[in-house]
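Trainee: Let me give you the structure first, and then I'll get to my questions.
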Amino acid sequence: MVAFRGIWTQTFWKAVSGEFLAMLIFAFLSLGSTISWSENQQLVLMSLCFGLSLATMIQCFGHISGTHINPAVTISLVCIKKLSLAKAIFYVAAQCLGAVVGAGLLYLVTPADRVGNLGATLVNSSLSAGQGLLIEIIITFQLVFNVVASSDTKRNDVKGSIALAVGYSVTIGHLFAINYTGASMNPARSFGPAVIMGIWDNHWVYWVGPLMGGISAAALYEYLYCPDPELKCLLKEVLAKATKPSGGKHREVEAIRSQEEADDLITKPGTAHVIDIEKGEEKKEKDSSGEMMSSV
């Protein structure tokens, strides 16, 4: 229960409510672009609306919650020790609730003959669920890799707006994959219209695919391509001790101790783009959930 110690603070709930409100607005605006007002579906319009509305939400709420507004991003950050489990649980709940409310508001203001499926994501009838799953894995991989790479403070070459970089990534994913799967990349974005319209065909694809793509992208970046220098050195030391000849129990104790040290280091706050929203109220307790400004 250590992970839940900070949930009764004002800053914590400001962050959670920020995720809810950002997701509500994002769902309302982006799903609204899928409403067909003419016979010709406008692919570019939808792609730009999703990408730019996300970039806008990051700019508005980034300093409040980190603006994940995407369970795939939130869970990926938990897996690389950048976000606490407690905060992730509340964030995902807020994101899903925000998506449902946003989709519901859109349904209320849209004429009945124009609602269609309210932007619900569906695998193209020419594809199998497995093919749709692969598409979602790939497009979410590029999105989350963009998030962790552009937010990495170990880099000194990042120029321009992180919000726009993430928004462009979402736009690219939509331009490519709308005709394949509806280009979700975001379980909450698919969950909102599915609840309102009762459309659940292959809905599991839009949870499993983005989570697999997001987690693999974050893990590859954090542990293979750009690992923390201290962690890298410690892991080398652990491996060196493990391969050094030694007698029986002594070697086992050394290995266990080294592993404990490695675990301690892994739980330290990350060096990624951190938004410490609990800084003022819990100065004595370091939050191991260094939050990245992120996205969808």
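Trainee: Give the residue, chosen from Ile58, Ile35, that is in contact with a Lys or Arg (Cβ under 6 Å, 6 or more places away or on another chain) and among the aliphatic types (A, V, I, L, M). Spell out how you get there, then give the answer.
Mentor: Working: Ile58 fails: in contact with a Lys or Arg (Cβ under 6 Å, 6 or more places away or on another chain).
The match here is Ile35.
Trainee: Now a separate question. If I ask for residues that are open to solvent by 10 Å² or more (accessible area, probe 1.4 Å) and over 18 Å from Ser190 (Cα atoms), which ones from segment 58-76 would you list? Lay out the reasoning, then the answer.
Mentor: Step one: list which residues in segment 58-76 are open to solvent by 10 Å² or more (accessible area, probe 1.4 Å), which gives 59-61, 63-64, 75.
Residues satisfying the conditions are Gln59, Cys60, Phe61, His63, Ile64.
Trainee: Now, a different point. Restricting the search to segment 77-89, which residues are open to solvent by less than 50 Å² (accessible area, probe 1.4 Å) and within 15 Å of Ile7 (Cα to Cα)? Walk me through it before giving the result.
Mentor: Start the filter on segment 77-89 by keeping residues that are open to solvent by less than 50 Å² (accessible area, probe 1.4 Å), which leaves 77-78, 80, 82-84, 86-88.
Result: Leu83, Ser84, Ala86, Lys87, Ala88.
Trainee: Ok, one more. Looking only at segment 212-237, count every residue that is in a helix (DSSP H, G or I) and either touching a strand residue (DSSP E or B) at 6+ places or on another chain (Cβ under 7 Å) or open to solvent by less than 40 Å² (accessible area, probe 1.4 Å) (or both) and tell me the total. Give the derivation first.
Mentor: Step one: of segment 212-237, the residues in a helix (DSSP H, G or I) are 212-225, 229-237.
Now restrict to residues that are either touching a strand residue (DSSP E or B) at 6+ places or on another chain (Cβ under 7 Å) or open to solvent by less than 40 Å² (accessible area, probe 1.4 Å) (or both): 213-214, 217-219, 221-222, 231, 234.
Residues flagged as in a helix (DSSP H, G or I) and either touching a strand residue (DSSP E or B) at 6+ places or on another chain (Cβ under 7 Å) or open to solvent by less than 40 Å² (accessible area, probe 1.4 Å) (or both) within segment 212-237 amount to 9.
Trainee: Select from segment 114-130 the residues that are free of Cβ contacts under 8 Å to residues at least 24 places away in the same chain, open to solvent by 50 Å² or more (accessible area, probe 1.4 Å) and either closer than 18 Å to Trp207 by Cβ or in contact with a Ser or Thr (Cβ under 7 Å, 6 or more places away or on another chain) (or both) and list them in ascending order.
Mentor: First, pick out the residues of segment 114-130 that are free of Cβ contacts under 8 Å to residues at least 24 places away in the same chain: 125-126, 128, 130.
Filter once more, keeping what is open to solvent by 50 Å² or more (accessible area, probe 1.4 Å): 125-126, 128.
Residue satisfying the conditions is Ser128 alone.
Trainee: Out of the residues in segment 100-155 that are more than 23 Å from Asn179 (Cβ to Cβ) and among the acidic types (Asp, Glu), which is farthest from the chain's Cα centre (by Cα)?
Mentor: The qualifying residue farthest from the chain's Cα centre (by Cα) is Asp113.
Trainee: Filter segment 175-200 down to the residues that are in contact with a Ser or Thr (Cβ under 6 Å, 6 or more places away or on another chain), assigned to a loop (DSSP other than H, G, I, E, B) and open to solvent by less than 10 Å² (accessible area, probe 1.4 Å) and list them by number.
Mentor: Within segment 175-200, Ser184, Met185 meet the criteria.
Trainee: Going by the structure shown, is Tyr168 part of a helix (DSSP H, G or I), hydroxyl-bearing (Ser, Thr, Tyr), open to solvent by 10 Å² or more (accessible area, probe 1.4 Å) and more than 29 Å from Ala112 (Cα to Cα)? Let's see the steps before the verdict.
Mentor: Numbers: part of a helix (DSSP H, G or I): yes; hydroxyl-bearing (Ser, Thr, Tyr): yes; open to solvent by 10 Å² or more (accessible area, probe 1.4 Å): yes; more than 29 Å from Ala112 (Cα to Cα): yes.
Yes; evaluated as a whole, the condition is true for this residue.
Trainee: Looking at segment 135-152, can you tell me whether even one residue there is open to solvent by less than 60 Å² (accessible area, probe 1.4 Å), of a type in the set (Asp, Glu) and touching a residue at least 40 places away in the same chain (Cβ under 8 Å)?
Mentor: Within segment 135-152, one or more residues are open to solvent by less than 60 Å² (accessible area, probe 1.4 Å), of a type in the set (Asp, Glu) and touching a residue at least 40 places away in the same chain (Cβ under 8 Å).
Trainee: Give the residue, chosen from Gly18, Gly6, that is open to solvent by less than 60 Å² (accessible area, probe 1.4 Å), farther than 22 Å from Gly209 by Cβ and part of a loop (DSSP other than H, G, I, E, B). Outline the logic, then answer.
Mentor: Numbers: Gly18 fails: part of a loop (DSSP other than H, G, I, E, B).
When all the criteria are applied, what remains is Gly6.
The values are calculated or read from the model by the stated rules, or taken from the named source; none is laboratory data. These numbers were taken from a predicted model, which means no experiment stands behind them. Here the Cβ is made from the backbone with ideal geometry for all residues, glycine too, and neighbour counts use every protein chain on show. When the accessible area is computed, the model is the full protein with side chains, heavy atoms only, and any ligands, DNA or RNA have been set aside. Shrake-Rupley method; radii C 1.70, N 1.55, O 1.52, S 1.80 Å.
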